[in-house]
Amino acid sequence: MKRLIVAVLVAALVIALVPLVAVAKPDKDKPLPATNVELVKKISLHGHGHGGGKPSKYAATGELGEPYTGAKYAVIVGISDYPWEENDLNYSDDDADDAYDALTGLYDYSPDNIRLLINMEASFDNIQDAISDIKGKEVEGDEVVFFFSGHGARGLAADGDKEKVDEAIVSHDGRPTGNLLYIWDGQLREWFSRFDTSRIIFIFDTCLAGGMTDLKAPGRVINMATTEGGTAYEGDQWGNGQFSYYFVDEGMLKGKADKYDNLEGAQDATAEEAFDYAKANCKWQEPTISDSFDNDLLL
């Protein structure tokens, strides 16, 4: 009889534990399980002319918001060389180099505080480590930039958000003949959660970039090359991704986005001015912005 009771108790314990195992949450610091994943490749153009137009609504107000009061940190990622040649791009690494030049040359970012991850260095693990490293250093009043140029993707991912279809930025495992790895929007939101500073600027030059609004929070500016379902372009005429060219290269480095004289005599386009200039000039794609910063953010 005692043996029967013990057996029944053990069986009950096993049954009770099975649901716990089944609902175990995936580790968001690792690649997440996903189904119906579709890689949406940025389109490379050759010889097309420049775009043009005006936004129906401007992001820039002409009034500067609170300046940063601490240190500045950045993670800059550009992937042209993906595993296997069929996934390669031409200019995403150049986009990242230009973003680095803008931050260090115009906005007083120290190279010591920037993680520049290009091509095979821009693995899933290295991107996660770079964000985690800044998270361990930044404090309230600091400023953080996250820049990514490369492919986008969509699918059904276990990333913890309530979206039916998720968007991702596309990384890899660091091997030329390895695997593509996806950083999902809800996962990226988790990586940037519990930062002490609220002053964070995101720049995404990918297809489906508009899906990155999951990262929205007070004080953040999310600059996205496309709508949630849109396609991004790169081309010889820009030597960049189209969005990065107008946002960073012409908008910031060449000062063409500097509509308001924020600091007298300085080339000092704000994030909102750079976005407005990119939106006015991009053709075939529609940049979008999520701006939760009061007035204009000068990097």
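Being part of a strand (DSSP E or B), β-branched (Val, Ile, Thr), surrounded by 15 or more Cβ atoms within 10 Å (Cβ to Cβ) and touching a Phe, Trp or Tyr at 6+ places or on another chain (Cβ under 9 Å): is that true of ILE127 here?
So ILE127 does not fit the description; no.
Does any residue of segment 139-147 turn out to be touching an Asp or Glu at 6+ places or on another chain (Cβ under 6 Å) and surrounded by fewer than 20 Cβ atoms within 10 Å (Cβ to Cβ)?
yes
So which of ASP112, ASP108, ASP133 is exposed (fewer than 15 other Cβ atoms within 10 Å of the Cβ), free of Cβ contacts under 8 Å to residues at least 60 places away in the same chain and out of contact with any strand residue (DSSP E or B) (no Cβ under 9 Å at 6 or more places or on another chain)?
After ruling out the rest, the residue left standing is ASP112.
For segment 214-299, list the strands (runs of 3 or more DSSP E) that sit wholly inside it and hold at least 1 residues that are of a type in the set (Gly, Ala, Ser) and more than 22 Å from ASP97 (Cβ to Cβ); which are they?
Answer list for segment 214-299: 288-291.
With surrounded by fewer than 24 Cβ atoms within 10 Å (Cβ to Cβ) and under 12 Å from GLU167 (Cβ atoms) as the only criterion, which of THR213, THR206, THR226, THR231 stands out?
None of the other options fit; the residue is THR213.
Suppose we keep only residues that are among the charged types (D, E, K, R), part of a helix (DSSP H, G or I) and within 19 Å of the chain's Cα centre (by Cα) within segment 73-123. Which one would you say is farthest from ILE134 (Cα to Cα)?
ASP94
In this structure, does ASP81 turn out to be surrounded by 17 or more Cβ atoms within 10 Å (Cβ to Cβ), among the acidic types (Asp, Glu) and under 28 Å from ASP258 (Cα atoms)?
No, not satisfied.
Read-outs: derived from the displayed coordinates by stated rules, not from any lab. Remember, predicted model here, so these are calculated numbers, not experimental data. As a convention, Cβ positions derive from the backbone with ideal geometry for all residues, glycine included, and neighbour counts pool all protein chains shown.
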